Amino acid sequence: MKKKEVVLSGIRATGKLHLGNYLGAMKFFAQLSQDDSKECFFFIANLHTLTTKTDPDDIKRDLKEIVLDYISIGIDPSIATIFAQSSVPETCELTWLLGCLTPVADLERMPHFKDKKDKKEALGEIVNSGLLTYPVLMAADILGPRANLVPVGEDQHPHVELARELARRFNTIYGETFPIPELLSGEAVRVPGLDGSGKMGKSDYNTIDLSDSPETVIKKISKAVTDPARQRRNDPGDPSVCNIYALHMLISSGQELAQVLEGCRTADIGCMNCKEILSKNIVNILSPIQQKRAELVDKGLDFPLEILNDGGERARKIIAETVEEVKDKMGVPMY
Ligand code: TRP
Ligand code: SF4
């Protein structure tokens, strides 16, 4: 039997998941997990969360929420492995080992680090070293299970590039050990925010949460920014500058989408009507997810923990084996 390709991706546990997470990545995770030729690992990067969040109760709560989200969007935990980063202590060991092969200058150049550093400094907060070594931990996440494919959004590409470099460097120095992980971004899309900003999730006010009720969806969409030049009902609009249309393109399809495009340009449909169609389609996406989630919640508070125990055990077995081999090759086995 041909060896399955290993797919790995993580998500940081920071608050509620939104439509941007779903359309941008998670929907794609679910598709990958249903592909027989792939062995999928999806984890919650709760150690990465510590670089920006400190409330233990929050971190624990968000973790469980994300487990339910993963399953309710269609990842089957009996097929894919869902686990918490903190369940695999060997990943931290690997972070140290890989850190010894990582130039500090490469870390200081990372856009994510520069951005966070500026923000922390502006607030007068400490720039913790976890922010700097964040990409090394991420490389350990990827190389630990010897992942071949890493589906992530654009903002994470420099981090995956570092993981590739570290894999190559390790293989050159110590002999063939890691496959070079490939980015899998074909399906990753940027989901615009409701406030006209480039990305959903940049602020709390521009998102549709996966848990939003139909009423909330309708309310949020009705308030969202549209083509600013379309002031009156009879003005024709320009869908190419309207974030509602950008959302339509991700969510609506066929005739309906064509009608919105044409109707906006000719002032045949008004923004209210256009938004109603979008809201209806968003609600149609969210309802089955919410229904599945409600069923999972009914299973009780222990359910997400059972998933994590099971997934953690599976992931740890595989990762621990890699780390043992790496330590041995580097001359620092456990005596
Ligand atoms: N840093 C990623 C993010 O913020 C999450 C992450 C951590 C990750 N480790 C990873 C993604 C390994 C893919 C592979 O989205
Ligand atoms: Fe945007 Fe739709 Fe209004 Fe056109 S009709 S400006 S696409 S909200």
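The values are calculated or read from the model by the stated rules, or taken from the named source; none is laboratory data. None of the values given here were measured: they were computed from a predicted structure. When we count neighbours, we look across all protein chains shown, and the Cβ atoms used for this are built from the backbone with ideal geometry, even at glycine. Side chains are part of the model used for accessible areas, which takes the heavy atoms of the whole protein and leaves out ligands, DNA and RNA. Shrake-Rupley method; radii C 1.70, N 1.55, O 1.52, S 1.80 Å.
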Count - residues of region 44-54 that are open to solvent by 10 Å² or more (accessible area, probe 1.4 Å) and either under 23 Å from Ile318 (Cα atoms) or β-branched (Val, Ile, Thr) (or both): 5
Filter region 161-182 for residues that are of a type outside the set (A, V, I, L, M, F, W, C) and part of a helix (DSSP H, G or I); the one that is most open to solvent (accessible area, probe 1.4 Å) is Thr172
Scan region 28-37 residue by residue and report those that are more than 21 Å from Ala84 (Cβ to Cβ) and either assigned to a helix (DSSP H, G or I) or open to solvent by less than 10 Å² (accessible area, probe 1.4 Å) (or both). Phe28, Gln31
Could we say that Gly130 is open to solvent by 20 Å² or more (accessible area, probe 1.4 Å) and either in contact with a strand residue (DSSP E or B) (Cβ under 7 Å, 6 or more places away or on another chain) or in contact (Cβ under 8 Å) with a residue 60 or more places away in the chain (or both) here? yes
Take the residues in region 8-25 that are of a type in the set (A, V, I, L, M) and under 10 Å from Thr207 (Cα atoms); name whichever of them is farthest from ligand 1 (Cβ to nearest atom). Leu19
Residue satisfying condition, being open to solvent by less than 70 Å² (accessible area, probe 1.4 Å), farther than 30 Å from Ala84 by Cβ and under 29 Å from the mean Cα position of the chain (by Cα), within set Leu308, Leu278: Leu278
Across region 1-27, which residue is farthest from ligand 2 (Cβ to nearest atom) among those that are open to solvent by 20 Å² or more (accessible area, probe 1.4 Å) and in a loop (DSSP other than H, G, I, E, B)? Met1
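When you look at Asp76, is it closer than 14 Å to Ile307 by Cβ, away from ligand 1 (no atom under 16 Å from the Cβ), surrounded by fewer than 17 Cβ atoms within 10 Å (Cβ to Cβ) and not β-branched (Val, Ile, Thr), yes or no?
Criteria met by Asp76.
So which residues in region 98-112 are surrounded by 14 or more Cβ atoms within 10 Å (Cβ to Cβ) and out of contact with any helix residue (DSSP H, G or I) (no Cβ under 6 Å at 6 or more places or on another chain)?
Within region 98-112, Asp106, His112 meet the criteria.
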Within region 198-215, which residues are exposed (fewer than 15 other Cβ atoms within 10 Å of the Cβ) and modelled with pLDDT of 85 or more? Ser213, Glu215
Filtering region 85-97 for residues that are open to solvent by 30 Å² or more (accessible area, probe 1.4 Å) and in contact with a helix residue (DSSP H, G or I) (Cβ under 6 Å, 6 or more places away or on another chain) leaves a count of 3
State all residues of region 113-127 that are closer than 16 Å to His157 by Cα and surrounded by 14 or more Cβ atoms within 10 Å (Cβ to Cβ); if no residue qualifies, say none. Phe113
Residue under question is Pro135, and the condition is that it be crowded, with 17+ Cβ neighbours inside 10 Å, more than 16 Å from ligand 2 (Cβ to nearest atom) and outside any helix (DSSP H, G or I); does it hold? no
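Can you name every residue in region 5-49 that is basic (Lys, Arg), over 29 Å from Gly130 (Cβ atoms) and at pLDDT below 95?
Lys27
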Regarding Glu324, is this residue surrounded by 13 or more Cβ atoms within 10 Å (Cβ to Cβ) and modelled with pLDDT of 95 or more? yes
Restricting the first residue to region 262-286 and requiring it to be free of Cβ contacts under 8 Å to residues at least 12 places away in the same chain and closer than 18 Å to Val225 by Cα, which pairs with a second residue that is open to solvent by less than 30 Å² (accessible area, probe 1.4 Å) and not β-branched (Val, Ile, Thr) meet a Cβ separation below 7 Å and a spacing of at least six or different chains? Ile269/Gly263
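One line per residue, one yes/no per condition, for (1) of a type in the set (Asp, Glu); (2) more than 30 Å from Asn171 (Cα to Cα); (3) near ligand 2 (Cβ under 9 Å from one of its atoms); (4) open to solvent by less than 30 Å² (accessible area, probe 1.4 Å):
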{"residue": "Ala224", "(1), (2), (3), (4)": "no, yes, yes, yes"}
{"residue": "Arg232", "(1), (2), (3), (4)": "no, yes, no, no"}
{"residue": "Ser252", "(1), (2), (3), (4)": "no, yes, no, yes"}
{"residue": "Arg265", "(1), (2), (3), (4)": "no, yes, yes, no"}
